[in-house]
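S.K.: Before we start, here is the structure in question, set down as structure tokens.
The values are calculated or read from the model by the stated rules, or taken from the named source; none is laboratory data. All values reported here derive from a predicted model rather than from experimental measurement. Glycine gets a Cβ as well: all are built from the backbone with ideal geometry, and neighbour counts include every protein chain shown.
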There are 4 protein chains.
Amino acid sequence: MAEADVAVVVGVGPGLGAALVRRFSKAGMKVAAAARRRERLASLAEETGGRAYGCDATSEGEVERLFAAVKAELGTPELVVYNASAFVRKSILETSTEEFERCWRVACLGGFLVGRAAARLMLAEAAAHGTILFTGATASLRGGALFHNLAVGKFGLRALAQSMARELQAKGIHVAHAVIDGQIAGERPGYRREERGQDAVLEPDAIAEAYYQLHRQPRSAWTLELDLRPWVEKF
Amino acid sequence: MAEADVAVVVGVGPGLGAALVRRFSKAGMKVAAAARRRERLASLAEETGGRAYGCDATSEGEVERLFAAVKAELGTPELVVYNASAFVRKSILETSTEEFERCWRVACLGGFLVGRAAARLMLAEAAAHGTILFTGATASLRGGALFHNLAVGKFGLRALAQSMARELQAKGIHVAHAVIDGQIAGERPGYRREERGQDAVLEPDAIAEAYYQLHRQPRSAWTLELDLRPWVEKF
Amino acid sequence: MAEADVAVVVGVGPGLGAALVRRFSKAGMKVAAAARRRERLASLAEETGGRAYGCDATSEGEVERLFAAVKAELGTPELVVYNASAFVRKSILETSTEEFERCWRVACLGGFLVGRAAARLMLAEAAAHGTILFTGATASLRGGALFHNLAVGKFGLRALAQSMARELQAKGIHVAHAVIDGQIAGERPGYRREERGQDAVLEPDAIAEAYYQLHRQPRSAWTLELDLRPWVEKF
Amino acid sequence: MAEADVAVVVGVGPGLGAALVRRFSKAGMKVAAAARRRERLASLAEETGGRAYGCDATSEGEVERLFAAVKAELGTPELVVYNASAFVRKSILETSTEEFERCWRVACLGGFLVGRAAARLMLAEAAAHGTILFTGATASLRGGALFHNLAVGKFGLRALAQSMARELQAKGIHVAHAVIDGQIAGERPGYRREERGQDAVLEPDAIAEAYYQLHRQPRSAWTLELDLRPWVEKF
């Protein structure tokens, strides 16, 4: 019997992360879901028949252990998504050095640690292949007032995706970056869909479908970047 | 019995245009294929069960007649693709005014005429919806030396796509622009795949699949722009 | 006695165009000012000791005649600015083909005709040199809703500037493009400065100074693009 | 007697940094030059009549002390430039976490620390004004293969400049970012100008002039970004 392909999603919360785990699982993949607090992933792992891992993505040691465990327990991943982010909205005058650094570490350093670990595993295979996806934001393309804590990390993550794509694509690894331009349903606790009208925010399942289609692209026509926004979003 | 959805592809040659017609047809759509010389589309129309139309996309009258005929014979289109282009590689010093204008008319004016006609039909329906796609190129983002005849039109087409998206998306019309960054297999007569290695150029079927996935996106997560290139392409 | 350098400004109205003529004249250049209606330039030419020319920049014949006259009467230009534009704000559904084409012809085709004529004269000299500047706008970078008539031409003009720079810079011709991101004082008749606060719109003299500094750049550090906006402008 | 304006340049090596110090000094400013090793700045400070400061720009404490000393000894700065950078060219597979972090800290975190300190001093004055400039690179706009260590920091610095501009410009502080697209003469020890032809690399004095012109812009027409490259550079 053929082994199922393995996917890893790092940064799994109640919105997009969970939707990615479900979409990849529905496609028949064995899915490793990782978040800082493993206990929050228990029911999702059970629901999808996958595995939950605790991992602080800003820690080199924890990321290395995550990928070693995934390889040992599930196999070499075909598809890895980096989906973590952090943000404190503040004036530049009031931003502490710790906040500035921490937001960058979650948005960008974690992407480097996860991307590097994924690429090392994928390239160790005889016929190297696989997909590495990064979640961007409006702030990946525009540094807005009071948004430096998000934009610095997201610009950096986009730079990382470009550099990795240019280095790794000819070796068989597809690297892509999705600019999520709007609010994702379910990612803010107090948010209620009905207040803004039908489909007025990004549905996690719709984004997850786009990510899965990126993974399915044949290597003769790979996308490095696409944007996704709701039909009613101003941009 | 439910009516099949209608697609229109303007600018159908042996490469991407034909692949789009086949992909949409395979999805069960009735496909109108349009090109300057209708007789070249006969076998494709027969193969796909669609219709062939002769149309000079740079002529307002011919574009208006095309969409009137499509509406009368097939119905209001759900999906319209503008895929025509023209290019003369030359020094700015040697480019004639006629060449400069003609390339723009094919790459950009035709996109306006087709996009406007498509939008008018789609918005005339009770619950307006539909997808309008434009084919871009490397030259949509970068004006290279000796490439002004292509870049001026392709930059303009991208501007048109952005303006149309910002005007029409909240009315239910999805507008998107695909940056095709590389050579498409079959679009240059003398080209042979084997000379450059496997999948070293863009396969039309792979691009067509990406266009079809754009059409399938739910309105909560629409893409305005994506790029597509072969895995071995330098960029 | 050394001959004065020659500058040509095409598209001279009461705002930026006139300020450019004055700034270049103040620097000791002989300045040719061109606009559709030559009679409107009479007092400016007298004030600056330059010459006024009537020229429809969208007409190949008129642009050729303009540059032939400038060469014969003043000499080969060192500095040429293309500053014309046209715009009709409209829905895509209501834009006529004539409006769409006309706006492009003023914003972009005229830039090609002027840029080509300038480059031909400059490159005919023994030690080729000179500066060609294009006036862009917010719409050079973003196609807004109802702004396709401006954005299509301005995107195209930016493509032209990039292609010309990449072809001509190594031959000694400096090509640059300025993105004017905001309203220019004096370019709308009814506008009054005091209503928006001090320096709240772009002062033509300040833009003209930036253009002149571009012309003064030594070839070891040439700018292709810069943006200019008032301090209080949202962007 | 009127006090001279104060400028601060952080990241002063033998190339651009020294040229900035000389240009601002020539304009009559009192210039504080800062680098990790103060002793290397002694002759430059003596030549220009300015002051030399030792400062590790990645250390919050050292940056705070630098600006406190500048304010006490010279006065509140009018013009502050962040010019430091670090880079290790490597495969993503071989990049250590320490290298990745260190390059970001020099290119981007230092820019935050310096920009924040500069903005705080400038905004503490009664009529706030001043200019803050950041030195970008080709890698500010493009993440090339093996260039992630540079691009992640430089993309981040550009995001920072945009966010700061959007927050601070309406308060009277001009923020700008210069994309230096090419090699700067004198910044690599073994480089000899004559090998590449006249003016084939960026002359530091030419870049410094462009920075000074940015500082001189009146607030009715401020530039956020410009690029600078030698005439013969491919781009």
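S.K.: Might you check whether a residue that is under 25 Å from A:Ser59 (Cα atoms) and not small (Gly, Ala, Ser) occurs anywhere in the range A:136-148?
M.R.: Yes, that holds for at least one residue.
S.K.: Could you please let me know if B:Gly13 is modelled with pLDDT under 95 and closer than 30 Å to B:Phe147 by Cβ?
M.R.: Yes.
S.K.: Moving to a separate point now. Looking at the range D:203-224 only, could you name the residues that are β-branched (Val, Ile, Thr) and not in a helix (DSSP H, G or I)?
M.R.: D:Thr223
S.K.: Scan the range D:83-96 and tell me whether some residue there is part of a strand (DSSP E or B), under 24 Å from A:Ala151 (Cβ atoms) and at pLDDT 95 or above.
M.R.: No - not one qualifying residue is present in the range D:83-96.
S.K.: Which condition number does B:Tyr211 fail, the rest of (1) in contact (Cβ under 8 Å) with a residue 60 or more places away in the chain; (2) among the aromatic types (Phe, Trp, Tyr); (3) in contact with a Phe, Trp or Tyr (Cβ under 6 Å, 6 or more places away or on another chain) being met?
M.R.: Status for B:Tyr211: all satisfied but (3).
S.K.: Charged (D, E, K, R), within 12 Å of chain D (Cβ to nearest Cβ) and farther than 18 Å from A:Ala159 by Cβ, is that true of A:Arg89?
M.R.: yes
S.K.: Which of (1) surrounded by fewer than 24 Cβ atoms within 10 Å (Cβ to Cβ); (2) within 14 Å of chain D (Cβ to nearest Cβ); (3) in contact (Cβ under 8 Å) with a residue 40 or more places away in the chain; (4) within 24 Å of A:Val6 (Cα to Cα) is the odd one out, the single condition A:Leu157 does not satisfy?
M.R.: It fails just one condition, (1).
S.K.: Please find, within the range A:1-33, the residue that is surrounded by the fewest Cβ atoms within 10 Å (Cβ to Cβ) out of those that are part of a strand (DSSP E or B) and over 14 Å from the mean Cα position of the chain (by Cα).
M.R.: A:Lys30
S.K.: Any chance the range B:142-153 includes a residue that's within 18 Å of the chain's Cα centre (by Cα), surrounded by 23 or more Cβ atoms within 10 Å (Cβ to Cβ) and part of a strand (DSSP E or B)?
M.R.: No, because not a single residue in the range B:142-153 is within 18 Å of the chain's Cα centre (by Cα), surrounded by 23 or more Cβ atoms within 10 Å (Cβ to Cβ) and part of a strand (DSSP E or B).
S.K.: Then there is this: Considering each residue of the range C:98-114, count those that are within 10 Å of another protein chain (Cβ to nearest Cβ) and either touching a residue at least 60 places away in the same chain (Cβ under 8 Å) or surrounded by fewer than 17 Cβ atoms within 10 Å (Cβ to Cβ) (or both), and give that number.
M.R.: 1
S.K.: State all residues of the range A:122-137 that are surrounded by fewer than 21 Cβ atoms within 10 Å (Cβ to Cβ) and within 12 Å of chain D (Cβ to nearest Cβ); if no residue qualifies, say none.
M.R.: Result: A:Leu123, A:Ala124, A:Ala128.
S.K.: So which residues in the range A:70-82 are surrounded by fewer than 24 Cβ atoms within 10 Å (Cβ to Cβ) and not in a loop (DSSP other than H, G, I, E, B), if there are any at all?
M.R.: A:Lys71, A:Ala72, A:Glu73
S.K.: Would you confirm whether any residue within the range D:174-192 is part of a helix (DSSP H, G or I), within 8 Å of another protein chain (Cβ to nearest Cβ) and modelled with pLDDT of 95 or more?
M.R.: No, because not a single residue in the range D:174-192 is part of a helix (DSSP H, G or I), within 8 Å of another protein chain (Cβ to nearest Cβ) and modelled with pLDDT of 95 or more.
For every residue, the table says whether it meets (1) without any contact (Cβ under 8 Å) to a residue 24 or more places away in the chain; (2) more than 15 Å from C:Ser163 (Cβ to Cβ).
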{"site": "B:Ala119", "(1), (2)": "no, yes"}
{"site": "B:Ala126", "(1), (2)": "yes, yes"}
{"site": "B:Ala145", "(1), (2)": "yes, no"}
{"site": "B:Asn149", "(1), (2)": "no, no"}
{"site": "B:Leu168", "(1), (2)": "no, yes"}
{"site": "B:Gly172", "(1), (2)": "no, yes"}
{"site": "B:Gly182", "(1), (2)": "no, yes"}
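S.K.: When the residues of the range A:213-235 are filtered to those that are crowded, with 18+ Cβ neighbours inside 10 Å and aromatic (Phe, Trp, Tyr), which remaining residue is farthest from the other protein chains (Cβ to nearest Cβ)?
M.R.: Among them, the one singled out is A:Trp222.
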